[in-house]
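Peer 1: Let me give you the structure first, and then I'll get to my questions.
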Protein chains: 2
Amino acid sequence: MTEIAILGYGTVGSGVAEVIGTNAELIAARGCALHVKYILDLRDFPGDPYGERVVHDFTCILDDPEIKVICETMGGVGAAYQFSKQALEKGISVCTSNKELVELHGAELSRIAKENHCSYLFEASVGGGIPLIRTICQGLTAEKIEKIYGILNGTTNYILTKMDREGADFDAVLKEAQANGYAEKDPTADIEAHDPCRKIAILASLVTGKKVDWKNIRCEGITKLEKADFAYAWALDAQIKLVAMSEFTEKGCYACVSPRLLPADSPLLCAQDVFNAVLIHSNMLDDSLYYGRGAGKLATASAVVGDAIEAAANPGRTMGGSWSEEAALLGDIDEYEQGYFVRLSGAADARREEVQKVFGNGYTVEAKGVPGEFGYVVQKMREGAFLEKIAAMEGVLGYLRYDAPAEK
Amino acid sequence: MTEIAILGYGTVGSGVAEVIGTNAELIAARGCALHVKYILDLRDFPGDPYGERVVHDFTCILDDPEIKVICETMGGVGAAYQFSKQALEKGISVCTSNKELVELHGAELSRIAKENHCSYLFEASVGGGIPLIRTICQGLTAEKIEKIYGILNGTTNYILTKMDREGADFDAVLKEAQANGYAEKDPTADIEAHDPCRKIAILASLVTGKKVDWKNIRCEGITKLEKADFAYAWALDAQIKLVAMSEFTEKGCYACVSPRLLPADSPLLCAQDVFNAVLIHSNMLDDSLYYGRGAGKLATASAVVGDAIEAAANPGRTMGGSWSEEAALLGDIDEYEQGYFVRLSGAADARREEVQKVFGNGYTVEAKGVPGEFGYVVQKMREGAFLEKIAAMEGVLGYLRYDAPAEK
């Protein structure tokens, strides 16, 4: 029996208690019985089955030699950072769902864990309950990972799925998502794509072994998407998804988070509504994909508990992935080559020659219900060149990254 | 540096050498450098870069104290079994892609590994390069796995994808698949579904912790499928896939391998052509899915090498999943409830009343290009009852298992 403490009794923290409670027998049968001894929270929870285990002072957890594993589900990078650091320094393993903290201080905390023969584990920080970090660190060990393409944010995927299926407006869908709890009151981190940007930064750090700072990643949210964009997506037999991508080359790691048109046969499109999916391209295995609930109380808590089981089963050892504090070499994303889709005002026939002169070989697309404009599919070119061209062009109404199927 | 030996220098065995060679630097950087010291094969390979490491006598491998890990890529359950057993008895870890052997003797070999403080690992035996066994044993440790639905055979998925897309006949597509190497000369194990049946038996054994014998699983191949079945699939906005399923209940494990209609929104349908996908439903995480190349030289070899890295990194420890030699409790599949689709001769209008009387509430379907018959979607019922009913009915042309979307 391993004694653990939960820091923060919010959604994920209470989920951790619930997962451990519900699956207690099964977890014990796997040889790693867990017992929640303390729950740290500023609030009290009278009547809650775990209410009597609530403490308000972290030192009582830190000073209890029985505690071997801490589940940090507080969020934030202040107290969560201090508590995690203090625990690891005492050789107590820490399992977390806190992506901000992992992205910001993961390298340091992993190093402290190693120095103190314990583990800093963060499966829940990316892709919720999908065992993604374990796959990268333990499953694909014989592989050179070359590219990651991920739908890593459930809120925006819900919004985009609704916009696609119902032809609805962004603002209306966002309001609905907020009303039914799929989006936060302040949805900035989701709709401006900061959340998936932090997540791809964590995955890219794991792959490169060095720190990829999310602030250095080109990051575009979904707020500028309009009904018209979806009309073109239908016309192209494609779907618009918020994709966090990272490609690993000798020139460095190229990363970008933005809405993207995905062809109908993309396996990533299995991820609809709040589901997440991550496609990993590696040199021997080719494409593999991992799909599941990327957020939500129990899915996220399950990943935290999975980490707690691993830490409990391996006392004195350092498990999981990590990266150094050194900055990873990032490629200049403006040098990155990919295809695009651009929306232009006017008539396709009248502007085709002009547009082809600018973008080279491509093709026009027209969509139903979008008069007075047309779309153009741009073949692979450097991102910097593409952005320069559309800045200099008249009547550009919008653009999306789009690697069109080869046969078109 | 860990010295390893490869048993069998066929497709997967030579792939193992290739993966280790190509990704040597990267594997070494992960702290588990591997070196191929011997390759056991009856043949010689003059000119092959590994040709000089070929030996014909297993004892020279077994008696070399430097060998810590063996990759068994011979296949079969004769010599492969003897060699694996002898190696494990000496404390040498064995990593294998041999699903027949794992299904038949996995429990015993895992036990011998445990007794001798080494590992018997078989990630490559199910789902090729998809880290599926690792996900079940290490990723979803906080989860109670309730159901597995898998497309676990690349050959039949290739055939079914072609039949679906091109409206082609089974025999023609099989011949084409044989001509371009996607199907074996003797395709029985694939098209009669013995291969995916062994694979679901392995997964079910891992989940239950006891031996599930593939011979006790109801197993139907794809040889009876006709163009007409696909016409109905189109009409129902569904696809026909060979699905290996297993549901884990208190009454036991219900397992069945058969062609099945999957609704268009099933995430399993990301698996087209030779790709595999496995959907795991568990009690906290809900659905998660794992997709990739389920076969092929490098994908399979990558999984074997991933296992070799794990064994090399954990000397003296027993890694991976296992089950006991005791037989798992199997539920009577005739008691299992699910939906069906049945093809009937005659006109829908003329027979609707009769058919509804037999099957209860359901609905008729007509498909293009299939005159003189119609389809009927049967709501959930016990398999035994369904099979009895169709045996007693006139003009039954075929049936498929089909959990129709609820909204219909």
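Peer 1: In whole Å, what are the Cα extents of region B:249-292 along the three principal axes, biggest one first?
Peer 2: If we take the Cα atoms of region B:249-292, the spans are 36, 25, 19 Å.
Peer 1: Would you mind listing the distances between the B:Thr188 label point and the same position in each other copy? Use 7 Å along Cα-to-C-beta, nm, one decimal, shortest first.
Peer 2: Label point to label point, same position, other copies: 6.8 nm.
Peer 1: Further question on the same structure: To test your reading of the geometry: what angle, between 0 and 90 degrees and rounded to tens, separates the Cα axis of helix B:79-89 from the longest principal axis of chain B?
Peer 2: Its long axis makes an angle of about 60 degrees.
Peer 1: About its Cα centre, what dipole magnitude does chain A give when the only charges are +1 on Lys and Arg Cβ and -1 on Asp and Glu Cβ, stated in debye to the nearest 20?
Peer 2: Roughly 340 debye, rounded to the nearest 20.
Peer 1: A further question on this structure: Quick one: which residues, 5 or more positions from B:Lys147 or on another chain, have an amide H under 5 Å from its amide H? H modelled 1.01 Å from N in the peptide plane, none for Pro or chain starts.
Peer 2: HN-HN under 5 Å from B:Lys147: B:Phe248, B:His281.
Peer 1: Further question on the same structure: For region B:341-389 and region B:293-333, what is the separation of their Cα centres, given in Å?
Peer 2: One Cα centre to the other: 43 Å.
Peer 1: How are the Cα pair distances of chain B distributed, in percent, across 20 Å bins from 0?
Peer 2: Spelled out per bin, shortest first, that is 27, 52, 19, 3.
Peer 1: A follow-up question, please. How far, in whole Å, is the nearest Cβ of chain A from the axis relating it by rotation to chain B, and which residue carries it?
Peer 2: Taking Cβ atoms only, the nearest residue and its distance are A:Cys270, 2.
Peer 1: Another question about this same structure. Counting only residues 5 or more places away or on other chains, whose amide H sits under 5 Å from the amide H of A:Gly128 once H atoms are built in the peptide plane?
Peer 2: Those lying under 5 Å, H to H, from A:Gly128: there are none.
Peer 1: Tell me, what ³J(HN,Hα) does each residue in region B:128-137 have, in order and in whole Hz, if you take phi through Karplus 6.51 cos²θ - 1.76 cosθ + 1.60 with θ = phi - 60° and put x for Gly and Pro?
Peer 2: Computed from phi, the couplings for region B:128-137 are x, x, 6, x, 9, 5, 4, 4, 5, 8 Hz.
Peer 1: Magnitude of the Cβ-charge dipole of the protein assembly as shown, K/R +1 and D/E -1, about the Cα centre, nearest 20 debye?
Peer 2: Charge dipole of the protein assembly as shown: 80 debye, to the nearest 20.
Peer 1: Counting pairwise Cα distances across region A:133-293, what percent come out greater than 23 angstrom?
Peer 2: 37 percent
Peer 1: OK, next. Hey, how many Å between the Cα centroid of region B:1-47 and the Cα centroid of region A:206-277?
Peer 2: One Cα centre to the other: 37 Å.
Peer 1: What distance in nm separates the two pseudo spin-label positions at A:Asp169 and A:Ser324, each 7 Å out from Cα along the beta-carbon direction?
Peer 2: Result for the modelled spin labels: 5.3 nm.
Peer 1: Sticking with this structure for a sec: Just to confirm my numbers, what's the Cα centroid distance between region A:158-203 and region A:66-92 in Å?
Peer 2: Going from one Cα centre to the other spans 30 Å.
Peer 1: Something else about it: Return the aspartates and glutamates within reach of A:Lys211: Cα separation strictly under 13 angstrom, same-chain partners fewer than 8 residues apart disregarded; answer none if there are no such residues.
Peer 2: A:Glu103, A:Glu108, A:Glu325, A:Glu326
Peer 1: Follow-up question, since we're still on this one. Suppose you put the label 7 Å out from Cα in the Cβ direction; list, shortest first and in nm with one decimal, how far B:Glu89 is from each other copy's label.
Peer 2: Distances to the matching label points in the other copies: 5.5 nm.
Peer 1: Here is a further query. In what sequence, highest mean first, do A:387-399, B:130-142 appear when ranked by Cβ atoms within 10 angstrom?
Peer 2: So the peptides A:387-399, B:130-142, ranked by packing, come out B:130-142, A:387-399.
Peer 1: Still on this model: Could you give me the ³J(HN,Hα) list for region A:288-296, computed from phi with Karplus coefficients 6.51, -1.76, 1.60 and θ = phi - 60°, whole Hz, x at Gly and Pro?
Peer 2: Those phi angles translate into 9, 9, 10, 9, x, 6, x, 7, x Hz.
Peer 1: Ok, one more. Checking the a/c ratio against 1.5 first, then a/b against b/c, what shape does the Cα gyration tensor give for region A:39-173?
Peer 2: Taking the square roots of the gyration eigenvalues as a ≥ b ≥ c, region A:39-173 is oblate.
Peer 1: Give me the inter-chain shielding for B:269-280: mean count of other chain Cβ atoms within 10 Å, whole number please.
Peer 2: 3
Peer 1: Oh, and also: Taking 1 over the mean of 1/r across every pair of different Cα atoms in region A:334-402, what Kirkwood radius in Å do you get?
Peer 2: 12.0 Å
Peer 1: For A:Ile6, which sequence-distant residues (separation of 5 or more, or a different chain) have an amide H within less than 5 Å of its own amide H, given hydrogens modelled in the peptide plane?
Peer 2: Long-range HN contacts for A:Ile6: A:Tyr38, A:Ile39, A:Leu40, A:Cys71.
Peer 1: Eigenvalues of the Cα gyration tensor times 5, then square-rooted: what semi-axes does that give for the protein assembly as shown, in whole angstrom, largest first?
Peer 2: Semi-axes from the Cα gyration tensor: 38, 37, 30 Å.
Peer 1: Go through region B:210-224 residue by residue and turn each phi into a ³J(HN,Hα) via Karplus (6.51, -1.76, 1.60, θ = phi - 60°); whole Hz please, and just put x for glycine and proline.
Peer 2: My calculation for region B:210-224 gives 9, 6, 9, 8, 4, 6, 8, 9, 5, 9, 10, x, 10, 5, 8 Hz in order.
Any read-out appearing in this document is the output of simple, stated calculations on the displayed coordinates, not a laboratory observation. This structure is a prediction, so every number in the text was calculated from the model and none was measured. Please note: Cβ atoms are built from the backbone with ideal geometry, for glycine as well, and neighbour counts cover all protein chains shown.
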